[in-house]
1. Report yes if residue B:22 is under 30 Å from residue B:185 (Cβ atoms), small (Gly, Ala, Ser), in contact with an Asp or Glu (Cβ under 7 Å, 6 or more places away or on another chain) and more than 14 Å from chain A (Cβ to nearest Cβ), otherwise no.
2. Across region B:137-180, what is the total count of residues that are part of a loop (DSSP other than H, G, I, E, B) and either within 11 Å of chain A (Cβ to nearest Cβ) or modelled with pLDDT of 95 or more (or both)?
3. Yes or no: region A:19-40 includes at least one residue that is over 24 Å from residue A:166 (Cα atoms), modelled with pLDDT under 95 and out of contact with any helix residue (DSSP H, G or I) (no Cβ under 9 Å at 6 or more places or on another chain).
4. Name the residues in region B:62-73 that are of a type in the set (A, V, I, L, M) and in a helix (DSSP H, G or I), would you?
5. Any residue that is in contact (Cβ under 8 Å) with a residue 40 or more places away in the chain, surrounded by 15 or more Cβ atoms within 10 Å (Cβ to Cβ), within 21 Å of residue A:196 (Cα to Cα) and out of contact with any helix residue (DSSP H, G or I) (no Cβ under 8 Å at 6 or more places or on another chain) - is there at least one of those in region A:107-118?
6. For the structure I just gave you, tell me whether residue B:76 is in a strand (DSSP E or B), within 18 Å of the chain's Cα centre (by Cα) and closer than 28 Å to residue B:12 by Cα.
7. Among residues belonging to region B:93-108 that are assigned to a helix (DSSP H, G or I) and free of Cβ contacts under 8 Å to residues at least 12 places away in the same chain, point out the one that is farthest from the other protein chains (Cβ to nearest Cβ).
Amino acid sequence: MGVSNKNLSEDIVTISGENIHINRNGHSRDFKICELPQKFISWQLQYKNSIYDAIEKDEYIAFNAGHLPVVGTWNDESDFPNLANKGIGFTPKDEYIDHYLNLVESAVEKISKLPPHAVNETRDLRIATAREFYAHPEHIDFRRLGLLEIFEGATYKNLVANPMASVLWTGNSPVFISFQVDCVVEVITTEDPRYRFSWAMRRLFEYEPFHVVQTIFPYAYCMWVYDYKDKTPKRRYPGARSDNTVNEGGGKIKSPH
Amino acid sequence: MKFVKRAEIENFINGLASSFSAPGKIFFIGETSQVMEGWRTWTDKLEFFAEVSAADISVFDETINKLRENLQIEIIEESPADIIPLPEGAERRSRMIEIYQNGLPLHFYHFDPYSCAFRYIARGDEQDYKIVLAYVKHEWITISEMDKILEELLKSFSFKTIQQDPAEFRRKYKGLLQMWRAGVSV
């Protein structure tokens with residue numbers, strides 16, 4: 001990595017190129033990092049664009065499905081996983097992170113000079129800054145996700161003990177696109193550029209009505225993608241495949257009898 | 001994932017025009033048309049359909065394969081007609097891309113937006129609805145005309161083919177209309 005990866009979980013999580021090594025309770029495991037799938041990325045980018053459109057028009061945002069998935073974590077003592085909706089976003093690739101940090105932190109500096117309630121005065125700058133990042137999707141590292149920790153509750157305790165998480169997104173009607181993404185998690189501290197980027201992006205929209213205002217973010221998580229599953233609902237057809245479903249590709253509907 | 005922006009589509013057009021000298025028609029489809037028109041800045045693949053004479057097909061396919069290699073983007077050749085019966089008047093409604101008609105034997109068009117819309121509704125993935133709503137937003141299609149065309153077209157959909165199951169299509173189309181009425185952003 002081109003950025004510092006000093007982090008709270010470094011004793012058990014080591015990132016090396018495309019590989020993640022976990023050493024936990026005397027047991028070692030290796031995971032291969034992969035990129036998020038095309039369908040998911042397209043949905044995410046379009047969804048973000050629609051949210052920025054809504055913020056731009058100062059419209060009511062009922063829910064931000066692209067940004068607020070359910071995160072599941074667990075540890076060795078857990079009988080059940082801990083589930084919580086968390087705000088998750090992307091971070092730039094290492095080679096672009098300084099550029100975008102400068103862009104977003106400069107915007108934050110400018111808006112910080114005005115009172116927090118001056119959201120209307122700063123909206124154009126905030127939206128333009130966020131859109132500038134997403135206008136260059138080729139600069140985004142789609143192998144990892146960024147997430148700020150606030151309460152140091154069950155998610156934090158689980159991730160320090162067991163740096164793995166499953167994340168489930170579900171989109172809106174009529175498709176209800178749904179993806180589970182399994183991640184190995186680095187707990188990162190405030191000086192890490194990935195933390196700073198996630199914090200600054202959140203800060204751009206801190207005082208919009210859909211955010212609970214927060215001032216304390218002790219850590220962030222860098223969630224490295226290990227696996228994913230497309231869980232979008234689909235119709236079950238009587239067909240020839242072993243899972244008895246037929247996808248895109250001119251499948252014929254066969255009689256069940 | 002490699003993003004396809006307008007520059008990549010132009011490289012495709014120029015590469016094709018310079019290495020394939022036979023006459024023919026290239027029709028862009030869906031997000032590829034929409035990137036070309038500047039409605040969106042990227043797509044994840046270049047989608048087109050080609051009409052070339054049978055004698056030129058192998059050379060054409062070879063040229064496309066070379067472009068795939070050179071441009072390092074996903075290039076998909078597919079016609080909406082591979083999935084659904086085309087509505088009447090599809091050919092007439094294709095849109096010529098004026099800037100690429102300067103005396104070349106190969107001509108470039110956008111495929112009939114109504115055919116594209118019905119093809120995407122038939123698939124019904126998340127981004128498919130957005131593609132159709134973008135066609136509506138930019139007034140390449142209207143809801144009333146879609147209603148009118150579908151009255152006839154749905155009669156030719158087959159219950160035996162997943163993509164054409166008329167009941168499933170109607171459900172998806174209703175979903176699209178609800179999104180449109182709700183002002184879903186594209």
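The values are calculated or read from the model by the stated rules, or taken from the named source; none is laboratory data. Note that the structure is a prediction, hence the values are computed from the model and not measured. Virtual Cβ from ideal backbone geometry, glycine too; neighbours counted across all protein chains shown.
1. Details: under 30 Å from residue B:185 (Cβ atoms): no; small (Gly, Ala, Ser): yes; in contact with an Asp or Glu (Cβ under 7 Å, 6 or more places away or on another chain): yes; more than 14 Å from chain A (Cβ to nearest Cβ): yes.
So residue B:22 fails the test.
2. If we filter region B:137-180 for residues that are part of a loop (DSSP other than H, G, I, E, B), which is where we start, we get B:138-142, B:157-160, B:165.
Next cut, either within 11 Å of chain A (Cβ to nearest Cβ) or modelled with pLDDT of 95 or more (or both) only: B:138-142, B:158-160, B:165.
Residues meeting the conditions: 9.
3. No, region A:19-40 has no match at all.
4. B:64, B:67, B:71
5. Looking for residues that are in contact (Cβ under 8 Å) with a residue 40 or more places away in the chain, surrounded by 15 or more Cβ atoms within 10 Å (Cβ to Cβ), within 21 Å of residue A:196 (Cα to Cα) and out of contact with any helix residue (DSSP H, G or I) (no Cβ under 8 Å at 6 or more places or on another chain), one finds none in region A:107-118, hence no.
6. On the way: in a strand (DSSP E or B): yes; within 18 Å of the chain's Cα centre (by Cα): yes; closer than 28 Å to residue B:12 by Cα: yes.
Spelling it out, residue B:76 is indeed in a strand (DSSP E or B), within 18 Å of the chain's Cα centre (by Cα) and closer than 28 Å to residue B:12 by Cα.
7. This residue is B:98.
Residue-wise test of (1) surrounded by fewer than 18 Cβ atoms within 10 Å (Cβ to Cβ); (2) modelled with pLDDT under 95.
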residue: B:61; (1), (2): yes, no
residue: B:73; (1), (2): no, no
residue: B:86; (1), (2): no, no
residue: B:90; (1), (2): no, no
residue: B:107; (1), (2): yes, yes
residue: B:112; (1), (2): no, no
residue: B:125; (1), (2): yes, yes
residue: B:132; (1), (2): no, no
residue: B:135; (1), (2): no, no
